[in-house]
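The values are calculated or read from the model by the stated rules, or taken from the named source; none is laboratory data. Everything quoted here is computed from the prediction, not taken from an experiment. Virtual Cβ from ideal backbone geometry, glycine too; neighbours counted across all protein chains shown. Accessible surface areas use protein heavy atoms only, side chains included; no ligands, DNA or RNA. Shrake-Rupley method; radii C 1.70, N 1.55, O 1.52, S 1.80 Å.
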Amino acid sequence: MVTAHGAVETPVFMAVGTRATVTGLTPDDLREVRAQVVLGNTYHLMLRPGMETFERVGGIHRFMTWDGPVLTDSGGYQIFSLSADREMSERGAVFRAYTDQRKHMLSPERSIQMQAAIGSDIMMVLDECVDSRADEATVRTAMERTHRWALRSLAARENSAQALFAIAQGGVVRELRKQSAGFLREHPFDGFALGGLAVGDTRSQREDITHFATELLPVERPRYLMGVGTPPDLLLAIAAGVDMFDCVLPTHMGWQGTAFTSTGRVRITRGAHRDADVSLDADCACNTCKNHSRSYLHHLFKSSEPLGPRLLSLHNLHHYNDLMADARGAIEAGAYVAFMRRKLQEIDRHEHGPASDSVDAASV
Ligand SMILES: [Zn+2]
């Protein structure tokens with residue numbers, strides 16, 4: 001995938017940098033863990049620092065000193081999840097901001113205007129997100145409005161060089177997913193996202209709909225599964241044809257003391273790691289694993305030192321990006337399915353197998 005700030009190899013995992021920062025990490029850190037794309041959020045950035053800042057500075061790349069590709073989410077999901085005090089209408093959403101308690105308006109046009117000021121390489125249309133467990137009529141109404149908003153976003157974009165992705169909705173209803181993909185693919189979007197998943201649906205529903213809905217979207221355009229997920233989620237979605245992912249898991253889990261490793265998840269705060277003079281993951285080439293022991297990381301967390309979360313976040317992003325690089329290699333070798341099965345088995349054995357309890361103890 002080619003963007004205004006360089007080429008991106010897919011499948012790609014994008015680092016979540018909601019507020020123009022991947023918490024605790026510098027742009028050099030991001031390059032070090034081989035992050036390809038940073039994902040910012042229009043809802044948060046319009047509230048703080050605000051559009052004027054991006055206009056003054058000349059966009060997010062200069063503001064955060066990141067010269068790689070940036071994707072901005074439109075804010076639809078945040079209005080759905082963060083604003084209890086909101087009114088949705090055909091025009092857009094009026095919501096009360098958590099920053100200043102004032103009322104703000106986010107419409108498809110306003111979201112594009114904001115994303116144009118942010119200067120992201122890939123903009124997302126504003127969508128109306130509803131809980132997957134809502135009744136079919138509610139899911140249908142939100143989907144139809146999302147389609148109308150997608151066309152308004154396309155018109156508002158005018159002749160901007162920034163790419164614009166549509167978001168297919170339809171909850172977990174196959175017929176609606178078919179209608180949404182069928183409608184959106186008739187219009188000149190640069191890519192397509194699957195929205196409305198991981199909002200109340202079960203894991204098997206999500207896997208089923210991901211497979212079903214991805215195949216309905218044009219194969220020659222990037223297909224992006226929003227907000228998902230764990231390494232097994234990613235592996236399965238790649239098999240379904242998904243090219244792009246974002247998720248807060250590797251960074252959030254890192255800040256909470258959990259590492260994703262080649263031998264499953266490691267909770268570094270557990271007592272078993274207190275005297276473990278071994279690296280976090282023997283199979284990982286990141287700086288955390290090259291330079292520091294589990295014992296030291298355990299100590300940092302126990303002492304509430306900010307370096308601990310930082311080192312674990314770095315490792316987790318490196319781990320996710322490694323997984324994507326291995327997946328790309330397997331796809332190029334024409335051996336993805338075998339690769340995926342082996343990886344899923346490994347993860348399953350380490351996290352759920354009879355030896356899972358001894359994973360951590362084994363390092364003592
Ligand atoms: Zn590592």
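Structural remarks
- Contact annotation: residue pairs with Cβ atoms under 8 Å, 6 or more positions apart or on different chains, pairing a residue in the stretch 252-270 that is of a type in the set (S, T, N, Q) and more than 14 Å from the ligand (Cβ to nearest atom) with a partner that is at pLDDT 95 or above and in a loop (DSSP other than H, G, I, E, B), are Thr269/Gly257.
- Selection from the stretch 146-178 of residues that are free of Cβ contacts under 8 Å to residues at least 40 places away in the same chain and of a type outside the set (A, V, I, L, M): His147, Glu158, Asn159, Arg174, Glu175, Arg177, Lys178
- When the criteria are applied in full, Tyr336 meets the requirement of being more than 12 Å from the ligand (Cβ to nearest atom), among the hydroxyl-bearing types (Ser, Thr, Tyr), within 23 Å of Met14 (Cα to Cα) and at pLDDT 95 or above.
- Test result for Ala276, more than 19 Å from the chain's Cα centre (by Cα), modelled with pLDDT of 95 or more, among the aliphatic types (A, V, I, L, M) and open to solvent by 20 Å² or more (accessible area, probe 1.4 Å): no
- Within the stretch 304-317, tally of residues that are touching a residue at least 12 places away in the same chain (Cβ under 8 Å) and surrounded by fewer than 18 Cβ atoms within 10 Å (Cβ to Cβ): 1
- The residues on offer are Asp281, Asp243, Asp275, and the sole one that is within 14 Å of the ligand (Cβ to nearest atom) and of a type in the set (Asp, Glu) is Asp281.
- Enumeration of residues in the stretch 87-105 that are under 25 Å from Gly171 (Cβ atoms), hydrophobic (A, V, I, L, M, F, W, C) and open to solvent by 40 Å² or more (accessible area, probe 1.4 Å): Met88, Val94
- Residues that are farther than 21 Å from Glu32 by Cα, open to solvent by 50 Å² or more (accessible area, probe 1.4 Å) and not β-branched (Val, Ile, Thr) within the stretch 323-345 comprise Glu332, Ala333, Gly334, Ala338, Arg341, Arg342, Gln345, listed in sequence order.
- Being free of Cβ contacts under 8 Å to residues at least 60 places away in the same chain, among the aromatic types (Phe, Trp, Tyr) and either within 16 Å of the ligand (Cβ to nearest atom) or open to solvent by less than 10 Å² (accessible area, probe 1.4 Å) (or both) is a property that does not hold for Tyr320.
- Strands (runs of 3 or more DSSP E) contained in the stretch 93-153 and holding at least 1 residues in contact with a helix residue (DSSP H, G or I) (Cβ under 8 Å, 6 or more places away or on another chain) and closer than 30 Å to Gly68 by Cβ: 103-106, 122-124
- Test: Ala237 is part of a helix (DSSP H, G or I), in contact with a Pro (Cβ under 9 Å, 6 or more places away or on another chain), within 30 Å of Met1 (Cα to Cα) and of a type in the set (Gly, Ala, Ser): yes
- Selection within the stretch 106-139: residues that are crowded, with 20+ Cβ neighbours inside 10 Å and of a type in the set (D, E, K, R). The member of this set that is nearest to Thr18 (Cα to Cα) is Asp121.
- Number of residues in the stretch 284-302 that are more than 10 Å from the ligand (Cβ to nearest atom), hydrophobic (A, V, I, L, M, F, W, C) and out of contact with any Ser or Thr (no Cβ under 7 Å at 6 or more places or on another chain) equals 2.
- Within the set Phe260, Phe245, Phe301, the sole residue that is assigned to a helix (DSSP H, G or I) and open to solvent by less than 50 Å² (accessible area, probe 1.4 Å) turns out to be Phe301.
- Some residue of the stretch 225-233 being more than 21 Å from Met14 (Cβ to Cβ), more than 15 Å from the ligand (Cβ to nearest atom) and among the acidic types (Asp, Glu): no
- Filter pass, Gly24 being in contact (Cβ under 8 Å) with a residue 12 or more places away in the chain and on the phi > 0 side of the Ramachandran plot: yes
- Selection status of Arg48, free of Cβ contacts under 8 Å to residues at least 40 places away in the same chain, out of contact with any Asp or Glu (no Cβ under 8 Å at 6 or more places or on another chain) and among the charged types (D, E, K, R): no
- Subset of the stretch 155-196 (residues that are over 21 Å from the mean Cα position of the chain (by Cα), modelled with pLDDT under 95 and among the small types (Gly, Ala, Ser)): Ser160, Ala161
- Helices (runs of 4 or more DSSP H) wholly inside the stretch 9-86 that include at least 1 residues being farther than 26 Å from Leu314 by Cβ, acidic (Asp, Glu) and open to solvent by 20 Å² or more (accessible area, probe 1.4 Å): 51-57
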